[in-house]
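Participant: Quick one: the structure is below, questions incoming.
The values are calculated or read from the model by the stated rules, or taken from the named source; none is laboratory data. Values in this document were obtained by computation on a predicted structure and should not be read as measured data. Here the Cβ positions follow ideal geometry from the backbone for every residue, glycine too, while neighbour counts run over all protein chains shown. Note: accessible area is taken over every heavy atom of the protein model, side chains too, but ligands, DNA and RNA are not part of it. Shrake-Rupley method; radii C 1.70, N 1.55, O 1.52, S 1.80 Å.
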Amino acid sequence: MMQRILVIDDDAILAGLLQLTLEMADYEVETAADGDAGLSRVRSGAFDLILLDLVMPKIDGIKFLRLLSERAGPRPPVMIVSSATDGVMNDEYRALGVIDVARKPVEPDELLDRVDRALKQQPAPVGGASA
């Protein structure tokens, strides 16, 4: 079974590149243009991992993380992929499910390595329609 990844980024070109890179490595990928759309995707399907930008319109990355943490049940682990990564891996981010941080731009090989490590930390899909 293919592992499912949700990419949440308001930069459509970068989101498309991340999606293409991941799909070429046999991951099933969905994208969302902001945190609001990302929350909707999480409500409608299970994901093994979320790749999250921090700076976005409507609902930014940290607000998305806080809203996601309020959901009942298990939550997918999150990897931040952002140019605004200074000070991100603090206790609050860890408590909200962030397991890794990659600074944009991230090379495809580095991205795939980080995704592989992140998915090995979380073997079963989480999330789903019970939100």
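Participant: Which of the peptides 18-27, 75-84, 102-111 is most tightly packed, and how do the rest follow, judged by the mean count of other Cβ atoms within 10 Å per residue?
Facilitator: Output ranking for 18-27, 75-84, 102-111: 75-84, 18-27, 102-111.
Participant: Please give, to one decimal in nm, the separation of the simple spin-label points placed at Asp113 and Met2, each 7 Å out from Cα toward the Cβ.
Facilitator: 2.6
Participant: If you don't mind, another one. Debye calculation, C-alpha points only, no solvent: report log10 I(q)/I(0) for segment 1-83 at q = 0.10, 0.14, 0.22, 0.27 Å⁻¹, in the same order as the q values.
Facilitator: -0.20, -0.40, -1.01, -1.46
Participant: Here's a follow-up. So what's the back-of-envelope 222 nm ellipticity for the chain, counting only DSSP H runs of four-plus at -39500 (n - 2.57) apiece and dividing by all residues, rounded to 500?
Facilitator: Rounded to the nearest 500, it is -11500 deg cm²/dmol.
Participant: Using the Karplus curve 6.51 cos²θ - 1.76 cosθ + 1.60 with θ = phi - 60°, what ³J(HN,Hα) values do you get for each residue of segment 102-109, in whole Hz, with x for Gly and Pro?
Facilitator: Using θ = phi - 60°, the values come out as 10, 8, 6, x, 10, 5, x, 5 Hz.
Participant: Can I ask one more? Quick check: residue separation of Arg43 and Lys120 times 0.36 nm, minus the Cα distance between them. What number comes out in nm?
Facilitator: 25.4 nm
Participant: Tell me which aspartates and glutamates have Cα within less than 13 Å of Lys63's Cα, excluding those fewer than 8 residues away on the same chain?
Facilitator: Asp34, Asp36, Asp53, Glu92
Participant: How much of the accessible area of the chain, probe 1.4 Å, is carbon plus sulfur, in whole percent?
Facilitator: On the way: 3380 of 6550 Å².
Ligands and nucleic acids excluded, carbon and sulfur reach 52 percent.
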